[in-house]
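Just so it is clear, none of the values below were taken in a lab; they were calculated from the coordinates. Please read all numbers here as calculations on a predicted model, not as lab measurements. Reconstructed Cβ throughout: ideal geometry from the backbone, glycine too, with neighbour counts over all protein chains shown.
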Amino acid sequence: MKIGVLGYGVVGKGVDLLLQKNRDLIARKTGFAPEVNAVLCLETSEDERFCNDIEDFMARDFTVVAEAMGGVEPAFTYVKRCLEAGHSVVTSNKALICDRGAELFAIARANRVGLYYEASVGGVIPVIKTLRDNLAQDDVHTVAGILNGTTNYIFSVMLPEDGSEGISLDAAIRRAQELGYAEADPAADVEGHDAARKIAIIASLLTGCQVGLSDVDVRGILDITEEDVAVCKSVGYKIKLIAEAKIDGTAVSARVRPMFVAPTHPLYHIDGVTNAVVTESDMAGEIMLTGAGAGRFPTASAVVSDIVYALASDYASEADCDLPRACRHRDFGWSEKSADKLAADASKTRYICSVRSPLPDCRELAKAGRETIVLTEPLTEEELKAHETVYGIRWCRAALV
Ligand code: HSE
């Protein structure tokens, strides 16, 4: 089966190399032998599969298209054209799916093709397939995770687990860029917008409604201070950028913020560029998925898994494939209707605070001069505010225990 690739950067080239290396293995395991037959990119190349012009690309012979250009435009225009021309599309582009997903799903629906986006969230982790397929029968009410590899890598090298001296934030960002983890503009990583787009995609999938970047309460990592680092070390926690969504039917409350994570929490052990997602649902209970959240081959692996899924779901006939047909195309997208907002008290959080006099029901973690570091019971933001002056809260961070 022939595959068109839009973009030949870290991910697009990764898809091509992966399919060259593992094509026979994929054929043996799935019955499909996908190969890249057309590439649209800015580079000029001797390779006859490459072209610079979308008209030239559309004239080539391919079935499924993998979009790995990043950014909303021109990716939106090109993906729309591919869907309208009857090609199912697989994408790793979270900006595209978060910002324009509902429109593209409607176009895919009208043209009876599929739009798949596993690689847009959590790198190689099969979070979309798990939520969409494996948990289709469950009421998933909470998803929390580490969805940005760059910031998790940054915290790991700034605060090494062995207690050794860490490197500065700037040096850590540069290293993440060199390793191909960070976005071209790392502001999206460190300001939390990359993780926010990913949790918005998850919330859209779970509610069936559009949840955009502006629906997520986002705080990045740039205001982490030396005091945060010192308190974190003194109480034996780690700092992680946590993305969370609480869902109730079509209502959602989503946020991204740095949190102090206790050694008892499963996300405490997720270091480096690794991502992890914990889902909680009524029947399955808690599921944790973890794996590389960024990088060429992990992301390409997620793209190729969607390519095989699209071939099986949207195109397979007995003539194409010896295996039984997996399924016919189902509608995996969401509508343009906005999600409702979940009431504030559905989002209670524990906090680590530096206080003059301990709050009711709090747990003392350490002494800091005349102040005490405590862990509170779960509170709403309003309840926390009400405590601020009464108990002399000077410094405070959300915590996961
Ligand atoms: N910059 C992103 C990250 C890449 O660090 O997670 C994968 O989406």
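Tabulated data
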quantity: So Arg197, is it more than 14 Å from the chain's Cα centre (by Cα), touching a residue at least 40 places away in the same chain (Cβ under 8 Å) and assigned to a helix (DSSP H, G or I); calculated: no
quantity: Pick from the stretch 128-154, criterion in a strand (DSSP E or B) and of a type in the set (Gly, Ala, Ser), ranking: farthest from the ligand (Cβ to nearest atom); calculated: Ala144
quantity: Per-region count, the stretch 102-127, residues within 16 Å of the ligand (Cβ to nearest atom) and part of a helix (DSSP H, G or I); calculated: 4
quantity: Restricting the stretch 21-72 to residues that are small (Gly, Ala, Ser) and buried (at least 21 other Cβ atoms within 10 Å of the Cβ), the residue that is farthest from His87 (Cα to Cα); calculated: Ala68
quantity: Residues satisfying the stated conditions in the stretch 62-84, i.e. touching a strand residue (DSSP E or B) at 6+ places or on another chain (Cβ under 7 Å) and either without any contact (Cβ under 8 Å) to a residue 40 or more places away in the chain or assigned to a strand (DSSP E or B) (or both); calculated: Val64, Val65, Ala66, Glu67, Leu83
quantity: Selection within the stretch 6-64 - basic (Lys, Arg) and either under 21 Å from Gly114 (Cβ atoms) or under 29 Å from the mean Cα position of the chain (by Cα) (or both); calculated: Lys13, Lys21, Arg23, Lys29, Arg60
quantity: Test: residue in the stretch 87-98 that is surrounded by fewer than 23 Cβ atoms within 10 Å (Cβ to Cβ) and away from the ligand (no atom under 16 Å from the Cβ); calculated: no
quantity: Verdict on Ala187 being among the small types (Gly, Ala, Ser), surrounded by fewer than 24 Cβ atoms within 10 Å (Cβ to Cβ), without any contact (Cβ under 8 Å) to a residue 24 or more places away in the chain and away from the ligand (no atom under 16 Å from the Cβ); calculated: no
